[in-house]
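Chemist: After the structure tokens below, expect a handful of questions from me.
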Amino acid sequence: LRAVQLSLVHGIASATPMALVLLAIIELVCGNLTAAARFGRLSIRLVDEKELGPEATAQAYSIVSCNVQHWSESIDGAILATLPKAGMEAGILGGEIEYGFFSAAINVGMLQIRGVPLRIVEEEVRAVCLKMKEFK
């Protein structure tokens, strides 16, 4: 909460989207699904509209898609269908490896949950494994 307050007083920083995502998770735990979804969407909007860097983008995309959006949106919704893969690409291309590959794992999980044919899921997994090998 303090990081969000500081952002309101001093302006948006690269840590602001993560602070909003964490606030969204607190709202979820308290049972405030509507508020949680709003903070999650705001976090995504910030990284989409501001140049906050690949770290902020990968963090927001992965944590929102894993912990927040699926409580307020269909698993087949547009955001959950694209957010994890976009987080993977932003993270890996921007050097934020941990959240990039966390997004990749979320992407594979979401594909399986949505009932995508296993051939496509396997292709995604193989592509992620190839990207991992590049970082050995």
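Chemist: Go through the stretch 1-93 and tell me which helices (runs of 4 or more DSSP H), entirely inside it, have 3 or more residues that are at pLDDT 90 or above and open to solvent by 50 Å² or more (accessible area, probe 1.4 Å).
Modeler: Result: 16-29, 33-49.
Chemist: Could you grab me the full set of residues in the stretch 94-136 that are out of contact with any Pro (no Cβ under 6 Å at 6 or more places or on another chain), outside any helix (DSSP H, G or I) and open to solvent by less than 40 Å² (accessible area, probe 1.4 Å)?
Modeler: Matches in the stretch 94-136: VAL116 only.
The values are calculated or read from the model by the stated rules, or taken from the named source; none is laboratory data. Quick caveat: nothing in here was measured; it's all calculated off a predicted structure. Every residue, glycine among them, receives a Cβ derived from its backbone with ideal geometry; neighbour counts consider all protein chains shown. In case anyone asks, the SASA skips ligands and DNA or RNA and just uses the protein heavy atoms, side chains included. Shrake-Rupley method; radii C 1.70, N 1.55, O 1.52, S 1.80 Å.
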